[in-house]
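Report on the structure given below.
None of the figures in this text is laboratory data; all of them are computed from the coordinates on show. Here the structure is a predicted model, which means the values were calculated and not measured. As a convention, Cβ positions derive from the backbone with ideal geometry for all residues, glycine included, and neighbour counts pool all protein chains shown.
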Amino acid sequence: MLKVYIETYGCQMNVSDSELMLGKLIAAGYESIAGPEGADVILVNTCAIRENAEQRVIGRLGELRRFMHRDTILGVTGCMAQRLGPRLLETDSRVSLVVGPDAYRSLPHLLEGAIKGERFSATDFDLEEHYEDFQAKRFDGVKAWIPVQRGCDYRCTYCIVPYTRGPERSRKLEDVVRETREVVEQGLSEIVLLGQTVNSYTDGTHDFADLLRAVGAVPGVKRLRYTSPHPNDFSDRVIAAMADTAAVCEHVHLPMQSGSSRTLKRMLRRYSREDYFNCVARMRAAIPGLTITTDIIVGFPGETDDDFEETMTAVRDIGFDDAFLFKFSMREGTPATRFPAELLVPDDVVTLRFDRLHAAMRSGARQRNMRRLGERMEVLVEKEARKGDDMLQARSRDYKTVIVPGDASMIGKYFTVELTGTTGSTFTGALVHERRALPVAS
Ligand code: SAH
Ligand code: SF4
Ligand code: F3S
């Protein structure tokens, strides 16, 4: 049996794709192993979102040579494979396969060729491809990532994703519901629906509101999340479906990117600062206790000090629970490459802004979290916090990380905890043993 190891970079969509690839290869007779040692096939599933994501992969491809014997096949898959295609074969003589996100169906076949010494690049888009017949080999035993949409039809001027993942297309609602039933039977109770603009989901008959209601109605689904939505695709129907569906968690990851309408316009995000604030207000009005996390890009071309201050005030006024902050990275072939050079923000300015925003974010989140000490809530135990110290990492419905004492037998189960402390970003919690009230002696 040939042994295959897949290493994954990038977003949850890539993690989900790795699960599909692994499932396909196991069905084709491969054995899955957890590290590169002794692998006959090593696949690196890559991300192209920022320059440093690609640099990491290039460095890793070099390191992986240590684990390779003469016949080990090295393949590059995912977004960087799609972006660079045959260029990767030219620059790295040990890479024999380059396979883009829509070509994973041909992996077993391509590997047969690679074993014979052939080298391939397969990067055609396939708008019908959802890998419906693949049996994903899931890495996570607690939550299931379920892709509902592939590709992206927005054209944010900084973003490489439309070029690496192709046009948007959605799976059929029935197929998503079928997969949900299967994972619940396997014992998973949290579902995370995936798509680049997941709330623009449409299978021709059903929209994202229908999908939330249908998946939330599958018996055994206790928690339902989705990532990442686009602020423009939150129709009243979708917000109502969130509010009405008990399983939908009180958290949304809502990428803002910038708090300045001028910058948002140049990003081609298709909403203004006011639109974003409105979206937040509509969701908060409908869903009590909703927490909001976001993505922000710092130093987008043309971002002035005033523009940046608008991002600072937006962060303060919205009160995000957490944020992923990114320094703008110019990606080859994106519309941003055509901005005049004088719009580029100098590195030292970007770093200053980034550090200020980071500090503001952290202190805002800390204040919000401090106010919640003493609160009781339901958590789902996800994994051991650190091996061997009898602490577990659990998560609340509103996406707070809570470290609780316990052992591995608690993983995948739900408990009530009281929040006892916070580092600012994560909490410590004590298990609350909900005893029944003792009968009162009369
Ligand atoms: N589809 C998702 C985002 C996917 S990429 C959405 O539209 O929200 C994840 C995040 O990476 C983006 O939200 C953005 O903040 C960041 N990002 C994307 N391209 C980038 C670039 N060229 N430079 C810096 N950050 C970028
Ligand atoms: Fe990229 Fe914009 Fe599409 Fe998100 S919506 S994947 S940021 S182009
Ligand atoms: Fe990266 Fe591709 Fe995801 S570029 S962020 S792995 S869609």
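Per-residue Cβ neighbour counts within 10 Å put 126, 390 in the sequence 390, 126, beginning with the fewest. Note on the chain: with a GNM built from Cα contacts shorter than 10 Å, the maximum mean-square fluctuation among 387, 143, 222 falls on 387. Looking at the stretch 143-370 alone, DSSP beta bridges between its own residues are antiparallel in about 10 percent of cases.
Per residue, the convex hull spanned by the Cα atoms of the stretch 61-210 measures out at 145 cubic angstrom. For the stretch 345-442, the set of GluC sites (Glu not before Pro) satisfying both a DSSP loop assignment and a count of at most 14 other C-beta atoms within 10 Å is given as 375, 434. For the stretch 81-163, the alpha carbon positions stretch 37, 36, 24 Å along the principal axes, listed from largest to smallest. Applying Stokes-Einstein at 4 °C and 1.567 mPa s to the Kirkwood radius of the stretch 376-434, computed over alpha-carbon pairs, gives a translational diffusion coefficient of 118 µm² s⁻¹. Taken over the chain, the convex hull of the Cα atoms encloses 172 Å³ per residue. A straight Cα-to-Cα reach below 14 Å connects residue 3 with the aspartates and glutamates 31, 37, 40, 71, 112, residues fewer than 8 places away in its own chain not being considered. Considering only 148, 41, 345, the Gaussian network model of the chain with Cα springs below 10 Å gives its largest mean-square fluctuation to 345. Absence of a disulfide-compatible partner, taken as no other cysteine beta carbon within less than 4.7 angstrom, is noted in the chain for 11, 47, 79, 152, 249, 279. For the stretch 1-55, the set of GluC sites (Glu not before Pro) satisfying both a DSSP loop assignment and a count of at most 11 other C-beta atoms within 10 Å is given as 37.
Over the residues of the chain, the helix contribution to mean residue ellipticity at 222 nm works out to -10000 deg cm²/dmol, using -39500 (n - 2.57) for each DSSP H run of at least 4.
Centre-to-centre, using Cα atoms only, the stretch 261-283 and the stretch 118-140 are separated by 34 Å. Determine the shape class of the stretch 317-403: with a ≥ b ≥ c the square roots of the Cα gyration tensor eigenvalues, call it rounded for a/c under 1.5, and otherwise prolate if a/b is greater than b/c, oblate otherwise. Prolate is the answer for the stretch 317-403, as a/c is 1.5 or above and a/b outweighs b/c. Taken as Cα centroids, the stretch 408-432 and the stretch 22-42 sit 35 Å apart, rounded to the nearest whole angstrom.
Taken as Cα centroids, the stretch 199-259 and the stretch 288-333 sit 23 Å apart, rounded to the nearest whole angstrom. Taking every DSSP beta bridge that has both ends in the stretch 235-394, the antiparallel portion is near 30%.
With the convex hull constructed from alpha-carbon coordinates only, the stretch 3-122 shows a mean projected area of 6.4 nm² over all directions.
With both residues required to sit in the chain, DSSP beta bridges show an antiparallel share near 35%.
Computed from label points 7 Å out along Cα-Cβ, the spacing between residue 367 and residue 127 is 4.9 nm. Compactness ratio for the stretch 143-370: Cα radius of gyration over 2.2 N^0.38 Å (N = residue count) comes to 1.06. For residue 248, the residues whose modelled amide H falls within less than 5 Å of its own, excluding neighbours fewer than 5 places apart on the same chain, are 224.
The ranking of 68, 1 by Cβ neighbour count inside 10 Å, starting from the fewest, reads 1, 68.
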